[in-house]
């Protein structure tokens with residue numbers, strides 16, 4: 001049972017908690033009893049004083065890294081507003097499954113849910129909503145490219161689609177089983193490495209860093 005509730009806690013006070021989500025773990029509960037284990041469930045098990053719905057943002061199941069969760073209703077309102085109004089700062093590190101020619105840039109790509117193939121997102125310049133991501137090449141390692149992503153918007157699968165689409169970088173993230181050649185759960189090389197926001201009570205700017213495990 002300990003493995004089912006273990007979750008690295010990087011910061012905690014009376015209002016919020018910052019945790020390190022492992023790849024392969026849901027951020028919030030999914031449908032069915034087999035999908036109840038998630039970051040939210042583990043936080044509630046570890047911190048019984050937590051509100052029922054503490055999540056203020058999400059990471060994909062196969063994405064690892066930093067998440068902040070609210071412990072009170074007031075903190076939830078304050079943090080949710082910051083994410084909605086784009087007052088937070090997020091950075092990700094990814095390993096692309098190939099060599100990228102460019103050095104840095106911005107991707108602005110309209111996309112939407114593929115209703116015939118959920119949960120895939122697809123490029124759609126007519127009906128899609130635009131996702132915006134700044135990117136920078138960090139290194140080339142054995143034929144693969146390490147990049148930093150700084151998303152402006154926070155749409156579902158945004159970084160994964162922006163990497164894989166021929167209208168974006170054209171190279172999927174290593175281990176991506178939806179948009180690349182990944183074959184197993186928890187192998188996506190995408191890590192939420194930096195998170196900054198204002199404390200919902202004090203207004204103090206908080207910053208958290210996490211090195212990727214790859």
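Read-outs throughout are calculated quantities, based only on the coordinates presented, and are distinct from any laboratory measurement. None of these values were measured; they are calculated from a predicted model. Ideal geometry is used to build each Cβ from the backbone, glycine not excepted, and the neighbour counts take in all protein chains shown.
A few notes on this one:
- Folded to 0 to 90 degrees: helix 73-84 orientation relative to the chain principal axis, Cα: 20
- Gain in span if fully extended, residue 120 to residue 202, counting 0.36 nm per residue against the direct Cα distance: 25.6 nm
- C-alpha center-to-center spacing [the stretch 77-114, the stretch 171-187] in angstrom: 18
- Ranked list, fewest to most other Cβ atoms within 10 Å of each Cβ, for 214, 149: 214, 149
- This ranking places 20, 190 by how few other beta-carbon atoms lie within 10 Å of each, fewest first, which gives 20, 190.
- Projecting label points 7 angstrom from Cα along Cα→Cβ for residue 51 and residue 150 puts them 3.0 nm apart.
- Working note: 222 nm ellipticity from helices only, DSSP H runs with n ≥ 4, each -39,500 (n - 2.57), summed and divided by the residues of the chain, gives -4000 deg cm²/dmol to the nearest 500.
- Förster radius 30 Å - calculated FRET efficiency between residue 36 and residue 104 (Cβ-Cβ, nearest 0.05): 0.15
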